[in-house]
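Scroll down for the structure; my scribbles are underneath it.
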Amino acid sequence: MVEYCPKCGQKLDEEVPVCPKCGAVLEANVKAIKVKKIAKICFAVIVLILIIIIIASCI
Ligand SMILES: [Zn+2]
């Protein structure tokens, strides 16, 4: 992730998609947040499939 804004040099505490000081879009962070969201969705789908398999095997 980007720790400092490349435009104004503001230190960024979190993984923010936009600089809170100057409003510059931080592409690297936007991509990182998207990847994390996709990973979360994939994990949820895998867990759901596992639950269905466990329930199906019990019936
Ligand atoms: Zn900035």
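The values are calculated or read from the model by the stated rules, or taken from the named source; none is laboratory data. Only a predicted model underlies this, so the values are computations on that prediction, with no experimental measurement involved. Please note: Cβ atoms are built from the backbone with ideal geometry, for glycine as well, and neighbour counts cover all protein chains shown.
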Original post:
In the stretch 15-30, what count of residues is obtained for those that are assigned to a loop (DSSP other than H, G, I, E, B) and within 14 Å of the ligand (Cβ to nearest atom)?
Top reply: 9
Original post:
Do we have Ile33 as in a helix (DSSP H, G or I), under 20 Å from the mean Cα position of the chain (by Cα) and either at pLDDT below 95 or within 16 Å of the ligand (Cβ to nearest atom) (or both) here?
Top reply: yes
Original post:
Just for the stretch 4-14: of the residues that are over 14 Å from the mean Cα position of the chain (by Cα) and exposed (fewer than 10 other Cβ atoms within 10 Å of the Cβ), which one is nearest to the ligand (Cβ to nearest atom)?
Top reply: Lys11
Subject >> So Val25, is it free of Cβ contacts under 8 Å to residues at least 60 places away in the same chain, touching a strand residue (DSSP E or B) at 6+ places or on another chain (Cβ under 9 Å) and surrounded by 13 or more Cβ atoms within 10 Å (Cβ to Cβ) >> reply: no
